[in-house]
Amino acid sequence: DAKTTQPTSMDCAEGRAANLPCNHSTISGNEYVYWYRQIHSQGPQYIIHGLKNNETNEMASLIITEDRKSSTLILPHATLRDTAVYYCIVRPLTGGGNKLTFGTGTQLKVEL
Amino acid sequence: DTAVSQTPKYLVTQMGNDKSIKCEQNLGHDTMYWYKQDSKKFLKIMFSYNNKELIINETVPNRFSPKSPDKAHLNLHINSLELGDSAVYFCASSLGGARITGELFFGEGSRLTVL
């Protein structure tokens with residue numbers, strides 16, 4: 001699986017948009033970009049995934065650059081409950097089972 | 001209703017003991033997983049079962065033996081516990097094992113402490 005690079009930590013004011021970057025410069029054409037988050041003392045939670053088009057759901061938006069070497073997860077109006085570690089993961093479309101390889105993620109702290 | 005439930009939530013035991021962690025999912029998924037999160041917070045896959053068949057085994061010591069009596073359950077048995085086994089163990093499930101865009105649903109974790 002392609003390796004990802006994320007900032008160790010970020011801060012965001014409540015109510016503002018949180019933009020979490022992820023570099024995946026070695027991503028292959030058959031690899032998706034996934035985002036999960038882990039709130040303290042809970043299990044990881046799926047947020048969103050995409051291949052090459054931008055995606056949006058009720059939780060977040062995912063912007064993938066045209067060359068697919070990086071992406072940004074956007075939480076449009078961050079709340080205190082969005083404080084968590086956010087993981088950017090790339091994985092192939094098929095093969096190898098549904099194996100997610102988690103990195104160190106970005107610790108997002110949302111403050112008043 | 002809890003989608004993926006693990007028991008026990010906390011487990012404290014002595015070195016050398018044998019212990020089990022149980023996992024059940026009520027989502028109708030056909031694939032289940034065990035992940036281990038160590039003290040440095042790295043989350044690593046250990047095993048994956050699809051329809052009771054082992055499909056991922058990530059070089060885990062054979063003291064760890066997963067058992068899937070049916071596709072809704074995946075239990076983890078650990079023999080001869082060692083200090084390094086102390087971690088939080090997460091169970092997860094998804095729909096579709098090898099065909100993989102299905103998101104993973106995780107349980108709340110089972111914190112194992114070996115003394």
Within the range B:1-31, residues being more than 20 Å from B:LEU112 (Cα to Cα), of a type in the set (Val, Ile, Thr) and open to solvent by less than 40 Å² (accessible area, probe 1.4 Å) number 1
Could you list, in sequence order, all residues of the range A:14-52 that are more than 15 Å from the chain's Cα centre (by Cα), at negative phi and within 14 Å of another protein chain (Cβ to nearest Cβ)? A:ASN30, A:HIS40, A:GLN42, A:GLY43
Residues of the range A:1-27 classified as over 18 Å from A:VAL110 (Cα atoms) and assigned to a strand (DSSP E or B), total: 3
Restrict the check to the range A:28-47 and report whether at least one residue is in contact (Cβ under 8 Å) with a residue 60 or more places away in the chain and in a loop (DSSP other than H, G, I, E, B). yes
Whether any residue in the range A:28-44 is among the polar types (S, T, N, Q), open to solvent by less than 70 Å² (accessible area, probe 1.4 Å) and at pLDDT below 95 is what I want to check. yes
Condition first: surrounded by 14 or more Cβ atoms within 10 Å (Cβ to Cβ), in a strand (DSSP E or B) and in contact (Cβ under 8 Å) with a residue 24 or more places away in the chain. Can you find one or more residues in the range B:95-104 that meet it? no
So, of the residues in the range B:32-54 that are within 9 Å of chain A (Cβ to nearest Cβ) and closer than 22 Å to B:SER5 by Cβ, which turns out to be surrounded by the fewest Cβ atoms within 10 Å (Cβ to Cβ)? B:LYS44
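The values are calculated or read from the model by the stated rules, or taken from the named source; none is laboratory data. Here the structure is a predicted model, which means the values were calculated and not measured. Note: ideal-geometry Cβ built from the backbone for every residue, glycine included; neighbour counts use all protein chains shown. To get the accessible areas, we keep the full protein, side chains included, count just its heavy atoms, and leave off ligands, DNA and RNA. Shrake-Rupley method; radii C 1.70, N 1.55, O 1.52, S 1.80 Å.
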